[in-house]
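The structure under discussion appears below in the form of C-alpha cells.
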Amino acid sequence: MKVNVKAARRAQTEKRINQQDTEAIEFGMALGCIFCRNLRGFGKKRMNRLIRGTYEELVDRFIMYRESEEETFSPDNLLTLYAGLRVQMKGLDVDVEAIEDEFSFPEVSSSWDRKRLVIRRERRQTLLNREVLVRCYWYGMMLYLWYEYNWGTQRLTNFYRFCREEYRDVYIQYLAYTPEQDTRIDRKVKETIAQIKDMGVAF
C-alpha cells in the first residue's frame, strides 16, 4: 500500500512539474511576443507566425543536429538541439552567455531552518533544470526574427535581455518558498500568457 501511495505522489508531482514547465515556456514566448509588439507593433497575425515559425525552426534544426533518424523532437531530448542553437547564437553575435549570467538564479543562502533551506535549493535546481528547455524556445524565436525580419545583433540582444530579465524577476520569487510568492508568480505567469492569448495568439 505504501508503495502505491508513493508512486501516486511521484506521478502527481511529475504531472505538476510538467504543467509548470509548459507554463514557463508559454510565459517565455509571451514575453517575446510582448517585446515584438512594443518595439515593432506586432499584431495577431505576425505573433502567430512568430510562434509557428519558432516551432518550425526548432524541429528543422533538431532534424539537422540529431545523431540518428530514430531521435524524435521532445522536451526530454533537447541537449543536441540546445548545443547547436547556442552555436547559431554566437554566429549572430548575440552574447547569450553574458545575458544569462547577468540574469541568473543566485545560490540559495544559508538559513537557520534546514528543511526550508533544502526545499529552496531543490526549487533552484528545478529552475536550472528548466533552463535548457526555455532557452531553446527563445533561441528559436531569435532565429525566426533574424531570418524573417532581418533583425540584427543589437535588436536580438535587446529582445533576449528583455525576456531574460522579465523571466528572472518573476521566477526568482520561487526561491522564497512562501505561499504569497507562489501565488504572485502563478498570477503573473497566467496574466502574461492570457494577455497574448486573448489577442487570438495560439501557443
Problem set entry | Test: VAL189 is part of a helix (DSSP H, G or I) and either without any contact (Cβ under 8 Å) to a residue 24 or more places away in the chain or on the phi > 0 side of the Ramachandran plot (or both) | no
Seminar exercise, completed: Being crowded, with 16+ Cβ neighbours inside 10 Å and touching an Asp or Glu at 6+ places or on another chain (Cβ under 6 Å) narrows VAL201, VAL170, VAL189 down to just VAL189
Exercise. Is there any pair with a first residue in the stretch 24-43 that is hydrophobic (A, V, I, L, M, F, W, C) and a second that is not in a helix (DSSP H, G or I) whose Cβ atoms are under 8 Å apart and which are 6 or more apart or on different chains, and what are they?
Worked result: ILE25/PHE203; MET29/PHE203; ALA30/PHE203; CYS33/PHE42; CYS33/VAL201; CYS36/PHE42
For this session: Considering only residues that are of a type in the set (Ser, Thr, Tyr) and part of a helix (DSSP H, G or I), look in the stretch 107-139 and name the one that is nearest to the chain's Cα centre (by Cα).
Result: TYR137
Problem set entry | Tally, over the stretch 38-55, of residues that are aromatic (Phe, Trp, Tyr) and not in a helix (DSSP H, G or I) | 1
For this session: Answer yes or no as to whether THR54 is closer than 23 Å to GLY32 by Cβ and of a type in the set (S, T, N, Q).
Result: yes
Problem set entry | Residues of the stretch 67-86 satisfying the condition of being at pLDDT 95 or above and of a type in the set (A, V, I, L, M) | LEU85
Problem set entry | Subset of the stretch 54-89 (residues that are buried (at least 16 other Cβ atoms within 10 Å of the Cβ) and of a type in the set (Val, Ile, Thr)) | THR54
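The values are calculated or read from the model by the stated rules, or taken from the named source; none is laboratory data. Since this is a predicted model, take the numbers as computed values, not measurements. Cβ: placed from backbone, ideal geometry, glycine included. Neighbour counts: every protein chain shown.
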